[in-house]
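Some notes on the structure that comes next.
Every read-out reported here was derived from the displayed coordinates using simple, explicitly stated rules and does not represent laboratory data. Keep in mind it's a predicted model, so treat the numbers as computed, not measured. Here the Cβ positions follow ideal geometry from the backbone for every residue, glycine too, while neighbour counts run over all protein chains shown.
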Amino acid sequence: MPVMSTTRTNVILLIALLFGQLALMSGSVREARETTVLRGWVSRFTAPIVSIAGAIGGGFAGLGGGASDILAVHARNRDLETELERLRTELRVSRVATAENDRLRELLGMRENLVPRSIGASVVTSHLTGQNMVIVLDRGTNDGVRVDLPVVAWGGAVGRVVEVDNGHALVRLLTDPNSGVAGIAQDSRAQGMVVGQGTDVLDLLYVPRFSGVIHGDRVVTSGIDGIFPRGFGVGQVIAIQEKPDGSQTIRLRPELDYRTMEDVMILLEPTGGEMLAPSGVERPR
Amino acid sequence: MKLLTVIAVLAIGLALQTGLGRVWPDAPRYVDVMMVPVVWYAIAGSQRSGMLVGCASGLVQDAWFQAAAFGISGFKKTLIGWVLGGLGSRFDLNSTPSRFVFGAVATLSDSLLGLALRQLLDQASAAPHPLEIVIKAIVTGVLVVVAFGMTGWREGKRGRRSLK
């Protein structure tokens, strides 16, 4: 008889726990406040463990990387010297072009791109699976970080902050299957939506068939999603597939290698939507 | 004391998962460290402890590594902890092969349940390669065996000390 009652209690407890977690999942998808609060408690309670383990892991990663880096440095040094000479020549040419560009921009009445306020952050840990492609950063609400802020690195867009506590931020990478960012091909100016696939590639969707996108084109953020400022590298075209509905699906190789990323920058001011508003027009207050 | 042990075990699991993710970001594809305490408590403890540790372990995992549906790992691991705990109380699972099989089957179920739940919640996800799932199950199964080996060794040492 006591065995029966234990089994029954376990079943009741199981149903209660499963039901509670189903409610959490549904709340999380709807971005309910209660879910965020519970998540905040769990992450606050376990944050010291993650910080310490991330630092120790970072040390190991640095050791492993350091040995192979020394071997590679000698070879790269020679290449870089040659590259430096070439770039010096290019710099002289581009200075002339920049000055010309400034004059033309002024003539067209376009506003300068505002450099958004940002803070640097280090990667505490990464979790790259087909279901979740996220990184944890060592900055949180104490540093002014909040949900939906864009994260970038040298050379391109990284992802978007989806959860944040006092000292940490969870960032959904562009390659996450639930991620999406507005993109534009740099040469053909074809626009579309870049979505993650949970793998090492991205897809640029909703691009018209005769948009003129070709292999090797670079896709950057267009800024119209109101999260990423325009101009941050997203990826390079590696395949183009035509669809029966008259559009194309364009496969991209991401601009950044998320596996080796150690430091990133969180842009503290969303600029995309604001920047694209026409200048000289009075906004409704 | 028991609660403190559970907290310590989960903390070690989270630390290992975090450290591993920092050194090798692809590690979560091939190993689920947070599954080890669930299987351990389901086999060595009771059905209830397996279920509760599964719930706690899953929620911790969700809080740190889940971008979309918070609670999904908690749901999976609670269910797995309950099922394993039920089987553990009916069968003798004190041999190395049975512990390995339980660890592997639990991880396999976790992966498949995850896919089903994401479909149910209309969340996009890339189906993992079958080989990835198999490797993850094997590696986690081995970790379960290692965890049992370590606790057995510790208890043996303690027993020898008390005999002296």
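Data for the structure
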read-out: Mean projected area in nm² (Cα convex hull; one quarter of hull surface) for the protein assembly as shown; value: 29.3
read-out: FRET efficiency for A:ALA75 and A:ARG259, using Cβ-Cβ distance with R0 set to 22 Å, rounded to 0.05; value: 0.55
read-out: Per-residue Cβ neighbour rank within 10 angstrom, fewest leading, A:TRP154, A:TRP41; value: A:TRP154, A:TRP41
read-out: Column: log10 I(q)/I(0), Debye, Cα scatterers of chain B, q = 0.12, 0.14 Å⁻¹; value: -0.51, -0.69
read-out: Residue order, fewest to most beta carbons within 10 Å, for A:ILE119, A:ILE184, B:ILE80; value: A:ILE119, A:ILE184, B:ILE80
read-out: Simple spin-label estimate for B:ILE135 and A:LEU205 in nanometres, 7 Å along Cα-Cβ; value: 2.9
read-out: Inter-chain Cβ neighbour average for residues A:37-43, partner chain, 10 Å; value: 4
read-out: Dipole magnitude (debye, nearest 20) for the range A:114-267, charges at Cβ of Lys, Arg, Asp, Glu; value: 320
